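What follows is calculated from the coordinates using simple rules that are stated; it is not laboratory data. All figures in this text were calculated on a predicted structure; none of them were measured in a lab. Neighbour counts run over all protein chains shown; Cβ positions are idealised from the backbone, glycine included.
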Amino acid sequence: MCLAMPARVEETMGESRAMVRLGGVVQEVSTLLLEDVRPGEYVIVHVGFALARVDPDEALRTLSLMDEMSGKTGGS
């Protein structure tokens, strides 16, 4: 099973790449499928691609639920 997760955009790198943070992990992803991605936004990431923007409140709720399911405390 594959799972797409919300991640916070930390920085953009040109027009088609960005560094995103999911929990303590920072990774480079492609932003070819989205226009004008900006730091601070949340995007849904799957297999190295930012697929869609997501509302920040919804992203934080999702990340909190994932933390709760994994036994962690605090937001990502």
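Observations, loosely collected:
- Angle between the chain longest axis and helix 56-70 axis [Cα atoms, degrees, rounded to 10]: 50
- Angstrom value of the Kirkwood radius, inverse mean 1/r, which spans all Cα pairs in the chain: 12.4
- Within segment 18-76, the trypsin sites (Lys or Arg not before Pro) that combine a DSSP coil assignment with at most 15 other C-beta atoms in a 10 angstrom radius are 72.
- Dipole magnitude of segment 22-76 about its Cα centre (Cβ charges: Lys, Arg +1; Asp, Glu -1), debye to nearest 20: 140
- Distances between placed amide hydrogens fall under 5 Å for residue 41 paired with 9, all partners being 5 or more residues away or on another chain.
- Simple rule: put +1 on each Lys or Arg Cβ and -1 on each Asp or Glu Cβ in the chain, find the dipole, and look at 65, 44, 13; the Cα lying farthest toward the positive end is 65.
- Loop-located GluC sites (Glu not before Pro) in the chain (DSSP state other than H, G, I, E, B) with a sparse environment of at most 13 neighbouring Cβ atoms within 10 Å: 15, 35.
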